[in-house]
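Structure first, commentary second.
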């Protein structure tokens, strides 16, 4: 063993914080990016949002020239920072980056009530039930039991705790708990606090005065037969006509199997598209949605500090660091927008038939196709297409929607899997509801259209689209 010095030349990829930031921005959704920008503006005093008044103070063509010049300057400055450790003349840079001054105008806001006076949170199912409990005839001990019962009612309205569990937790007797539970089950909505579907529907039948009728008997003894569409068996065992069974089943089908549905916290999620595709004079135009995105610039205050002169030291280093960080963020956002535009442009070229004629004409497409077309890596395309949405004449779609595997066709090119799903959906929507098509029948119809697909694949696609089997799609009345 000996000790010696050697030289070794190696290459390795080092991801700078700036590059990491650019990659993170690329894969963020629109809302995540807006949140990130707002957070960055809070921690970086050199970064601020351009007001609309400032944007309208100068003509648009001059503003466009300024933006183009800024991006060129940013690119040059970034490359120079990476090339050497020389100090940047920030005063000169900001002088060329300064925007047009403007005069702000003040106005008086009309007096309006505070948000606390006009906003109200929606009552939950538990809130609604506890309000009824407080105005009921229950005593303090019974209210304590009722409160525990209400606390164990799920969002769908069903009681998830057993009587034994309630006894163990409250120390009350079984009869007392059953008595309080019966009171809670009389609360609105009808059928709440039921322990199963049978009990839930029976409570609703009682409310309608049908508990002792054919409706009640079918709920007690024949719910599985309804699901299997065995109406003739119900008529035979109940010794009634088929018309009576159909009428009773129709009443049951109009009942609410999830009484807590109206109070559930299932909020609708609205999608704001990142891109719009319009057809103008026979050609498609891609428009990026910049609404809601903060327009960033370097703070006038920090610009004025450097113009007045900052002594070398911590103060100047701090100002330069904040401005450098702001410039990188602005550059990363612009790079993100350009990349999304390029990807959408390539998708439009490959999927022109979809934009012309709809989902059934979607073509097979993989990430590699778009990556080679625009000269980027497949991982970049994957990041761009994730959580990015485009508005088309056929609806709003995630960019990932346009990438599909291919399924062979007789005498023609491959067809996209999404197109096959759309054809299955079209076939099912046009079937006779009293005689729904089986999966094998759908296979045969697709085969007539030149699409070779196995029955198990049809079943898989049907389940993915949330379409029930033929036995469950059958309409009885």
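The values are calculated or read from the model by the stated rules, or taken from the named source; none is laboratory data. From a predicted model like this one, the values you see are computed outputs, not experimental measurements. Don't worry about glycine lacking a Cβ; one is built from the backbone with ideal geometry, like all the others, and counts go over all protein chains shown.
Restricting to segment 203-246, name every residue that is on the phi < 0 side of the Ramachandran plot and in contact (Cβ under 8 Å) with a residue 40 or more places away in the chain.
Scanning segment 203-246 gives 204, 205, 208, 210, 227, 228, 231, 246.
Which condition does residue 363 not pass, out of (1) over 25 Å from residue 26 (Cβ atoms); (2) out of contact with any strand residue (DSSP E or B) (no Cβ under 7 Å at 6 or more places or on another chain); (3) at pLDDT 85 or above, if it passes all the others?
That leaves (2) as the condition not met.
Please verify whether residue 392 is surrounded by 17 or more Cβ atoms within 10 Å (Cβ to Cβ), modelled with pLDDT of 90 or more and farther than 26 Å from residue 22 by Cβ, treating the condition exactly as stated.
It is true that residue 392 is surrounded by 17 or more Cβ atoms within 10 Å (Cβ to Cβ), modelled with pLDDT of 90 or more and farther than 26 Å from residue 22 by Cβ.
A quick yes/no check of all residues on (1) surrounded by 12 or more Cβ atoms within 10 Å (Cβ to Cβ); (2) under 37 Å from the mean Cα position of the chain (by Cα):
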position	(1), (2)
123	yes, yes
144	yes, no
160	no, yes
165	yes, no
172	yes, no
181	yes, no
201	yes, yes
213	yes, no
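Any chance segment 240-252 includes a residue that's within 30 Å of residue 395 (Cβ to Cβ), at pLDDT 90 or above and not in a strand (DSSP E or B)?
no
Listed residues 205, 172; which is at pLDDT below 95 and within 19 Å of residue 219 (Cα to Cα)?
So the residue among 205, 172 that is at pLDDT below 95 and within 19 Å of residue 219 (Cα to Cα) is 205.
Filtering segment 215-239 down to residues that are modelled with pLDDT of 90 or more and not in a helix (DSSP H, G or I), which residue is surrounded by the fewest Cβ atoms within 10 Å (Cβ to Cβ)?
Here the residue is 239.
Would you check if residue 47 is on the phi < 0 side of the Ramachandran plot, in contact with a helix residue (DSSP H, G or I) (Cβ under 7 Å, 6 or more places away or on another chain) and at pLDDT 50 or above?
Criteria met by residue 47.
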